[in-house]
Every structure is written in structure tokens, then in C-alpha cells.
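The values are calculated or read from the model by the stated rules, or taken from the named source; none is laboratory data. This one's a predicted model, so the numbers in the text were calculated from it and none came from an experiment. Backbone-built Cβ (ideal geometry, glycine too); neighbour counts: all protein chains shown. Surface areas here come from the heavy atoms of the whole protein model, side chains and all, with no ligands, DNA or RNA. Shrake-Rupley method; radii C 1.70, N 1.55, O 1.52, S 1.80 Å.
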Amino acid sequence: MADHLIEIDRVTKSFGAYTAVTQTSLTIARGEFLAIMGSSGCGKTTLLRMLAGLEEPSSGEIRLDGVLQNGLPAWERDLPLVWQSLALFPFLSVLDNVSFGLKMRGMAKAERHAKSQVWLKKLELEEFAQRNVSQLSGGQRQRVALARALVTEPKVLLLDEPLSALDAHLSVRMQALLRSLQRELGITFIYVTHSQTEAFSMADRVVVMSRGKVEQIGAPKDIYRHPANRFVAEFIGNVNIFRGLVEAVAHGVATLRTPLGLMTASVGKVEVQVGAEADFFINADQMQLGPAAGEANHMQGKLLSYKFVGNMVTLYLECAGGAELKLNIPEPAYDSAGIKIGDTLQTNWTASAAHMFQQSA
Ligand code: ATP
């Protein structure tokens, strides 16, 4: 048995002169929940469609359990796809839609209906069993599509924005349900989404793509805390990015001269040269309000606006030279600071909050 359930090995997909996916390699473990994110048109769906057998790679190999999938039609792969524009049969009932895959496998009616009912129950669709799918809401149809894919108990489930038609409340419930089903069944999920919340709350690992290439793969926390490059940092959007001239490097920490003052950043594995310019980032939730504690790692700015995000408040500051800065502070800290738009605020952070990017983008 192969170590990895799925291997995507230097896969490229071109449509005429346009290359949608470029030399992408990725391995996915058995039972893993992998989320793929990236800006619109970056190749997420194309990658998923190649796994499902709905597109053929222009080059490179896709293996499932060590078996080459290139050239196999979709119906010969154990890789069902649940996608945004659902291909349910509008003239069939919910129950018949869900049991369709089992019927194709030759399962007797009583057995396939009993199995399908179990999934309708899990996805809270029991009451709609006899209803025609055309009489369901978009969210209900998405759940029918999920039940239809899960009833066949595939090794892998490919999901393309399966929760996009749901309201926020139902989406959160479905995220919890999907995650627990995935764990319980041990099915490998490959899940394409635009929603950072969905990806970060459910996935074991997240892939961030841009222009047909993988920019970073990692656990949600790693991607959140340590975006590999400027693209990922801007895409995730929780950090402030700076550029500075490296003045010194000692004990894994670089001291940089920036237009906003002296700052320090952990170097990690990057080779930093004194006298060169380098980009680095500071997590917005690791900056705090308050005066400078030392020579480096502080600045001031005028409060432009603020936004409540759960129990945190994001403050947007305008700093010297028009640079914008955001910081996330806990709501009690915001309340006790008694601040208002237009105030000049001091902010500081500890040296460990700033890091050099580990890759160039
Ligand atoms: P979105 O988030 O908007 O769904 P995506 O990341 O899933 O985007 P893809 O659907 O994979 O993006 O498309 C990647 C690129 O390939 C896009 O520029 C798209 O226009 C192009 N593309 C996809 N399918 C085809 C096709 N059949 N023929 C030509 N170009 C295509």
C-alpha cells in the first residue's frame, strides 16, 4: 500500500495557449482533509477536475493508491466530485438521487433505499426523501449532492465549494458535520473553497494556490502564523508587510531600517544579507496599543477606521508616508483604551511577532 493515497506529480494543464495548472506536485495522505484555496481563476477547480477524471493532465501523473489514474474515465475512478453547479437529476426524488450510485453498482432496491435513508438522516434531509429535487432550496440540493456522494463510501471525496449556497448559520453547522463525518468515515476529503473560515476550521492542511501554482502547503495555524511569501500573506490578510534595509543579523534576528523606524524580524531559514532589502511581516494580532518599549518595534498612526470581528477589533491606522497598518486587539483592550477615529495611537510589538518570508513570491 502506498504511503500517500493520492500523488499529484508535476501535473500541468493547458487549455490552448493558456496554462491553468503549472508543474504542480502534491501528496495527500489517507484520511486527510485537504483544503485548496486561492484567488479566482488560480486553477483550483481544474486540479480537482483532473483528479475526478473530468480533465486530462497535459503532462504529469496522478496516482491513487499507487495506481496511475491518467487516461481512466471518471466512472472508473473512486473519486466522486461534489461541485457548485450540482448535477442532480431534476426528475428524480431526493431518495432516488441519493441511491443512484448504488443502483449503478447493482445494489437491490430495498438495500440501497435503506442505505440512502441513513445518509438522508445524517444530512437532515429525511423529510424531503420523496420530494423532487427541483422543489428544494439551493442549500438542500447541496446536501443531497453530499449524501449522494457519501452513500457510496468512496475512498476520496472531491468537493468544490459544497457549502457556497448556504447561509452563515447552516454553513457553520455543515462544516462541523462534514468534519465529524470525515473523521468518522476516514474518507480523504479534497475541498476547494473561497472561504478561509471553512478551510481553516476543517482542514488538516491547506494549499494556497496562485496563477496555477502552489504557493504554500501547511497546517492552518502554520499558514496563518507563517505565510511563506507576500502572496500568501496578502491572501490570508492577517499580517502587516514591511520592506527594510538589513542593518545587522545576529542570533537569527535581523535588524532592519524601514521608513517607519527600526524593526527586528526572525530570520528563520532565509539567507539574509546585510545591506540588502528584505520583506518581512508582523501578525496583526501580535501588535498592541501602547508606547515604545525600546528603540525598535514601535510606530504611531492615526486611526482611520475599525471593525469588530468576533471578540477582536481590527484597527486601521494611517502611518507616516501614508503607510497603512492594521492591528487586531481584544475587545476589552479596545473598550478600555477609549479611542476614537482620528486619534493618534502608539503601537508596539515584541521581536518574536515579526518574521522574514521564507520564500519569494
Ligand atoms: P474560481 O475560484 O473562480 O472557481 P478556480 O481557481 O477554480 O477559480 P479554474 O476553474 O481552475 O479556476 O480555472 C483556472 C483557469 O483556467 C481560469 O483562467 C479559467 O478561465 C481557465 N479554464 C478553465 N477551464 C477551461 C477550459 N475548459 N477552457 C479554457 N480555459 C479554461
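What distance in nm lies between label points placed 7 Å from Cα along the C-beta direction at GLU56 and ALA29?
If labels sit at GLU56 and ALA29, their model points lie 3.5 nm apart.
What list of ³J(HN,Hα) values in whole Hz, one per residue of region 234-239 in order, does the Karplus curve 6.51 cos²θ - 1.76 cosθ + 1.60 (θ = phi - 60°) give from phi, with Gly and Pro shown as x?
For region 234-239, the Karplus curve yields 5, 5, 6, x, 9, 10 Hz.
Over region 46-124, what number does the Rg to Rh ratio reach, with both radii from the alpha-carbon atoms and Rh per Kirkwood?
Details: Rg = 15.3 Å, Rh = 14.5 Å.
Ratio value, two decimals: 1.05.
Run down the lysines and flag those whose C-alpha is under 25 Å from the C-alpha of LYS13, throwing out any fewer than 8 positions away in its chain.
Answer for LYS13, where 25 Å is the Cα cut-off: LYS44, LYS155, LYS213, listed by chain and number.
If you plug each phi of region 348-357 into the Karplus form 6.51 cos²θ - 1.76 cosθ + 1.60 with θ = phi - 60°, what whole-Hz ³J(HN,Hα) values come out, in order, with x for Gly and Pro?
Result, rounded to whole Hz: 9, 8, 7, 4, 6, 7, 10, 9, 6, 5.
In Å and whole numbers, how far do the C-alpha atoms of the chain stretch along each principal axis, longest first?
Taking the Cα atoms of the chain, the three principal extents are 76, 47, 36 Å.
So, R0 is 22 Å and r is the distance between the beta-carbons of LEU245 and GLN346; what FRET efficiency does that work out to, to 0.05? It would help to have the intermediate numbers written out before the result.
Details: r = 24 Å, r/R0 = 1.08.
My answer for the efficiency is 0.40.
If contacts are Cα pairs under 8 angstrom and at least 6 residues apart, what is the relative contact order of the chain in percent? Could the numbers behind the result be given before it?
Numbers: 752 pairs, mean separation 55.0, N = 361.
It rounds to 15 percent for the chain.
Calculate what fraction, in whole %, of the accessible area of region 230-356 sits on carbon and sulfur atoms when a 1.4 Å probe is rolled over the protein chains.
The nonpolar share, carbon plus sulfur, comes to 52 percent.
Going by amide H atoms built from the backbone, whose H comes under 5 Å of the H on GLY290, apart from near neighbours?
For GLY290, the qualifying residues are GLN346, THR347, ASN348.
Can you give the extra length, in nm with one decimal, that the chain gains between SER164 and ALA17 once fully stretched, where that is 0.36 nm per residue apart less the Cα-Cα distance?
Values: separation 147, 0.36 × 147 = 52.92 nm, distance 3.09 nm.
Taking 0.36 nm per residue and subtracting the Cα distance, the gain is 49.8 nm.
Which FRET efficiency value, to the nearest 0.05, is calculated for SER180 and THR258 with the Förster distance at 41 angstrom and r the Cβ-Cβ distance?
Details: r = 46 Å, r/R0 = 1.12.
Calculated transfer efficiency: 0.35.
Which of the trypsin sites (Lys or Arg not before Pro) across region 17-109 are loop residues per DSSP, with 14 or fewer other Cβ within 10 Å?
Working: sites: ARG30, LYS44, ARG49, ARG63, ARG77, LYS103, ARG105, LYS109; in loops: ARG30, ARG77, ARG105.
Those that pass, being in a loop and sparsely packed, are ARG105.
Once the whole set of protein chains is in place, how much accessible area is left on ASP222, using a 1.4 Å probe, in Å² to the nearest 10?
The accessible area of ASP222 comes to roughly 80 Å².
Could you give each residue of region 7-24 its phi-based ³J(HN,Hα) in whole Hz, using Karplus coefficients 6.51, -1.76, 1.60 with θ = phi - 60°, and x for Gly or Pro?
Result, ordered by residue: 10, 10, 10, 6, 8, 10, 10, 10, 10, x, 7, 9, 9, 7, 9, 10, 6, 9 Hz.
Would you mind checking which residues have amide H under 5 Å from ARG30's amide H? H placed 1.01 Å from N; only 5 or more apart, or other chain.
The list, which skips near neighbours in sequence, is LEU5.
Could you work out the local net charge near LEU170, counting Lys and Arg as +1, Asp and Glu as -1, over the other residues with Cβ closer than 10 Å to its Cβ?
Details: positive: ARG143, ARG173; negative: GLU124, ASP167.
Here the charged neighbours net out to 0.
Per residue, how large is the accessible surface of the chain? Use a 1.4 angstrom probe and give square angstrom.
Values: 16830 Å² over 361 residues.
Here the per-residue accessible area is 47 Å².
Quick one: ranking HIS251, HIS298, HIS355 by accessible area, 1.4 Å probe, largest first, what do you get? Please report the intermediate quantities before stating the final value.
Working: HIS251 185, HIS298 55, HIS355 30 Å².
In descending accessible area the options line up as HIS251, HIS298, HIS355.
Would you mind classifying region 1-74 by shape? Square roots of the alpha carbon gyration tensor eigenvalues, ordered a ≥ b ≥ c; an a/c under 1.5 is rounded, otherwise it is prolate if a/b is larger than b/c and oblate if not. Could the numbers behind the result be given before it?
Working: a/c = 1.99, a/b = 1.36, b/c = 1.47.
Cα axes put region 1-74 in the oblate bin.
Using the Kirkwood formula over every pair of different C-alpha atoms, what hydrodynamic radius in Å results for region 266-361? Write out the running numbers ahead of the final one.
Values: mean 1/r = 0.0687 Å⁻¹.
For region 266-361, the Kirkwood estimate is 14.6 Å.
Using only alpha carbon pairs under 8 Å that are at least six residues apart, calculate the relative contact order of region 1-134 and give it in whole percent.
Values: 180 pairs, mean separation 28.2, N = 134.
Worked out over region 1-134, it gives 21 percent.
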